[in-house]
Amino acid sequence: MLGPAHDGGWWAAGLRRPEPAAFLGVPTSTSRTGALQHARLRRLGLRVAELPPMRDVDRFDDAQEVAALVPTSRFGGALRRVEVAVAGRAGSGDPTAPRSSGSVSSTASPSGSAGSAPARSGGSAGSVPARSGGSAGSGLPARQPVKPGNPLRPRSRLHDERTAAVLGVALGVCLTVCFFTGLFSHYAQNPPPWFRLPARPAGLYRATQSLHVATGIASIPLLIAKLWVVYPKLFAWPPLRDVAHLFERVSLVPLIGGSLFLVATGLSNVNIWRPWQFGFRPGHYWAAWITIGALVVHAGAKWATTRRVLRRGGAPPQPGELGVAPDGAMTRRGFLGTVLAASGLLTLFTVGQTVAPLRRLALLAPRRPNVGPQGFPVNRTARSVGLDHVDLAAYRLVVDGRVRRRLELTYDELRRLPQHEATLPIACVEGWSTVQRWRGVRVRDLLATAGAPAHAEATAVSLQRSPRLKTADVNRWHAHDRDTLLALDVNGEPLSADHGFPVRLVGPDRPGVLQTKWVGRLVVR
Ligand code: HEM
Ligand SMILES: Nc1nc2c(c(=O)[nH]1)N[C@H]1C(S)=C(S)[C@@H](COP(=O)(O)O)O[C@H]1N2
Ligand SMILES: [Mo]
């Protein structure tokens, strides 16, 4: 086994059996010592188990930083005694002298909680305890060349497996929820032969799509934090260990690229900034499959590590663990707390677009459920679809297709038919929604009057000029639901022009894009 040190050396090595060739000629005290040592062990045909990377102690300031992480440990105590002694001698001593003290361990956990130093003194495995830098074979004291303040060398203890694992699990949950809710949205709009969108529960699509956008937005801080925590690993040495490792690393390309793409396209879509307009859905859809495939590979590769580091978790917090460590750096708890809070707040400031009691907090949402003509939002105005004015005298609702009697109803005739009321949401694919009280003619009554077959389906056709969202399918379950209406009124008044005057389709559990406005025709199938 080999314990890599943060500075490129190693902090412990253990061998099951003595092996003189293991260390001979491997250069010590270089930033590649750890990698070269690793390669050597493997070349000898030895299986190398990696211990967690740790901060090693080469200089006095290293020791001080490590002691600050574990102030109550023996190491911390020993260092304090040394500091007192050094202060007592008022600068006459060599501050690095304590490295000869046998009681000062050369290692400490980067988090102060891992608490494992398996290579301490060889133990039953017959291993060689070592100082960092790989001098164990020669017995010479090693000194790592340490370049203080090198910004390219990550020294934050937050780049550790446990932080990565916690973020990974949170992100994995968000991406998985996003994938399935997104897939549901896709099938709701493009049903494959084996899928038919149910009409009940009436708020199902509203819930899944709100969840989609909420988890998508929650994943943004998680994704940024995760990338920051693991980026040093992207430059880890050796870049490729074996075929499994190759596979795992290659899967990072679609995983990282795909998630960034999804988040970027999703976010600009909900903010109605669509430089791509028609490409969004196919692009987002295929990126989702690619990303989730890569996520499955990645989760498989990291499963064991994640379980191990999360299990070990129960170590009691050190005095500096909550919030900020004594050295002023951020602890893991502080860091994860900040990231999760950012994620939660971002979501909270967005879900007001669909959860009415939170609407005052919807600072980041492009829409609020109660803002717009007649008290709710308009995405697409009549004018924007080429419908300046509907001439009521000429208006007819036509019901044709697979019917025994073709219907042609004026606005007044529609008004004289039995009216029905339903409280239903408009749940836009973009994640905002609004619940209103609708009143109009049941679609199933119209189908019955026209003599349509028992399990008939229909397509609603809008009077609008432009082709986008001009038609919407009404499947069998929706067509025969008692709440699927051709609405004439909303909240007791006739629909306004932008809400679909004279008639709009509205039904339970339909994505907003299927709640067609300005309906002029129902084609029965
Ligand atoms: C900030 C993050 C995200 C936002 C704001 C977002 C937003 C959206 C929106 C608005 C739609 C509806 C598009 C439409 O029907 O016109 C959608 C669909 C979809 N999303 Fe996302 N999304 C995000 C992240 C993700 C992620 C991470 C995944 C997958 C892991 C994903 C998978 C899907 C899928 C599969 C669809 C269906 C696409 C289709 O209808 O063909 N999304 N998303
Ligand atoms: N004819 C027609 N109906 C339509 C649309 C449209 O573009 N044309 N937009 C839909 C969308 S995307 C939504 S979310 C709902 C509510 O949108 P609104 O806010 O524009 O009324 O109406 C739907 N009905
Ligand atoms: Mo929409």
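Under a 5 Å amide H cut-off, with hydrogens placed 1.01 Å from N, W11 pairs with G3, A5 among residues at least 5 apart or on other chains. When peptides 304-311, 432-439 are ranked by their average number of other Cβ atoms within 10 Å per residue, the highest-first order is 432-439, 304-311. For the pair R16 and W303, a Förster radius of 35 Å applied to the C-beta separation gives a FRET efficiency near 0.85, rounded to the nearest 0.05.
Modelled spin labels at N370 and F195, positioned 7 Å past Cα toward Cβ, are 3.5 nm from each other.
For the pair L260 and D489 in one chain, pulling the backbone fully straight at 0.36 nm per residue adds 78.2 nm over the alpha carbon distance. Between D56 and H6, D7, the built amide H atoms are under 5 Å apart, and every one of these is 5 or more places off in sequence or on another chain.
Taking 7 Å steps out from each Cα toward its Cβ at L358 and S268 produces label points 2.6 nm apart.
Rounded to the nearest percent, how much of the accessible area of region 360-500 (1.4 Å probe, protein heavy atoms only) is carbon and sulfur? About 50 percent, which is the carbon plus sulfur part of the accessible surface.
Computed from label points 7 Å out along Cα-Cβ, the spacing between Q419 and S384 is 2.9 nm.
A straight chain from R525 to Y285 at 0.36 nm per residue would run longer than the Cα-Cα distance by 83.5 nm. Surface exposure of region 13-93, expressed per residue as accessible area with a 1.4 Å probe, stands at 55 Å². A simple packing score, the average count of other Cβ atoms within 10 Å per residue, orders the peptides 389-398, 226-235, 287-296 as 287-296, 226-235, 389-398, with the highest score first. Once you reduce region 152-229 and region 5-45 to the center of their Cα atoms, the two points are 41 Å from each other.
Hey, with R₀ at 56 Å, roughly what FRET efficiency would D445 and L234 work out to, going by the Cβ-Cβ distance, to 0.05?
Efficiency at R0 = 56 Å is approximately 0.35.
Each of A39, P27, L69 was scored by the projection of its Cα onto the charge dipole of region 1-73, and the greatest displacement toward the positive side belongs to A39; charges sit on the C-beta of Lys, Arg, Asp and Glu.
Amide H to amide H distances under 5 Å link A452 with R404, where only residues 5 or more positions off or on other chains count and H is placed in the peptide plane. A compact globular protein would have a Cα radius of gyration near 2.2 N^0.38 Å; the ratio found for region 337-461 is 1.47.
The values are calculated or read from the model by the stated rules, or taken from the named source; none is laboratory data. It should be emphasised that the depicted structure is a prediction, and the values quoted were computed from it without experimental measurement. We place every Cβ from the backbone using ideal geometry, glycine too, and count neighbours over all the protein chains shown. To get the accessible areas, we keep the full protein, side chains included, count just its heavy atoms, and leave off ligands, DNA and RNA. Shrake-Rupley method; radii C 1.70, N 1.55, O 1.52, S 1.80 Å.
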